[in-house]
Amino acid sequence: KQWYQRRVAITAGDDELKKDPVVQNHLKSLYDNLLEKNLVRIIEPYSRVQIAHVAETISLPYEVVEKKLSQIILDKKFSGILDQGSGVLIVYDGSESDQTYTYALDTITHMGKVVDVLFKKAQKLS
């Protein structure tokens, strides 16, 4: 709650700060980083957690929390899925990584080499 109250204090602050685009950009970046770190810290102990509970814990609107959680997941900073139908965040263990893409690329590379060798052999027979 304290960091959010500071955000409100900053935005209600000096008009010169509000007019300076560089300061605004840095404040927005700082706010986003703090929000991200606090959300991750809140959801870490859970395997499933209600988004409403997270929003209530951090004293932010549900929509803001849901949007930021989806951004964190899409940026691969946290492993999980949002079940928007039931309003639940399902958290996956960070240690599990899907190697399917890597294996598929290796298979395609090896198949390409096989095709090249077969093509060379076919040329020798001609």
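The values are calculated or read from the model by the stated rules, or taken from the named source; none is laboratory data. None of these values were measured; they are calculated from a predicted model. Ideal geometry is used to build each Cβ from the backbone, glycine not excepted, and the neighbour counts take in all protein chains shown. Surface areas here come from the heavy atoms of the whole protein model, side chains and all, with no ligands, DNA or RNA. Shrake-Rupley method; radii C 1.70, N 1.55, O 1.52, S 1.80 Å.
Worth pointing out:
Matching residues to (1) touching a helix residue (DSSP H, G or I) at 6+ places or on another chain (Cβ under 8 Å); (2) at pLDDT 90 or above; (3) among the polar types (S, T, N, Q):
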{"site": "Ile10", "(1), (2), (3)": "yes, no, no"}
{"site": "Asp14", "(1), (2), (3)": "no, no, no"}
{"site": "Asp20", "(1), (2), (3)": "no, no, no"}
{"site": "Gln24", "(1), (2), (3)": "yes, no, yes"}
{"site": "Ala55", "(1), (2), (3)": "yes, yes, no"}
{"site": "Tyr62", "(1), (2), (3)": "yes, yes, no"}
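- Pairs with Cβ under 9 Å, 6+ apart, first in the range 24-37 and farther than 14 Å from Phe78 by Cα, second basic (Lys, Arg) and open to solvent by less than 70 Å² (accessible area, probe 1.4 Å): Asp32/Lys68
- Residues that are part of a helix (DSSP H, G or I) and among the basic types (Lys, Arg) do not occur anywhere in the range 44-54.
- Qualifying residue in the range 97-112 (condition: open to solvent by 80 Å² or more (accessible area, probe 1.4 Å), outside any helix (DSSP H, G or I) and closer than 15 Å to Ile43 by Cα): no
- Against the test of being of a type in the set (A, V, I, L, M, F, W, C), surrounded by 10 or more Cβ atoms within 10 Å (Cβ to Cβ), in contact with a Ser or Thr (Cβ under 7 Å, 6 or more places away or on another chain) and not in a helix (DSSP H, G or I), the options Leu89, Leu82 yield a single qualifying residue, Leu82.
- For the range 38-53, a residue qualifies if it is in contact with a helix residue (DSSP H, G or I) (Cβ under 8 Å, 6 or more places away or on another chain), closer than 17 Å to Lys77 by Cα and surrounded by 14 or more Cβ atoms within 10 Å (Cβ to Cβ), and the qualifying residues are Asn38, Leu39, Ile42, Ile43.
- Residue check for Val91: in contact (Cβ under 8 Å) with a residue 40 or more places away in the chain and out of contact with any Cys (no Cβ under 7 Å at 6 or more places or on another chain): yes
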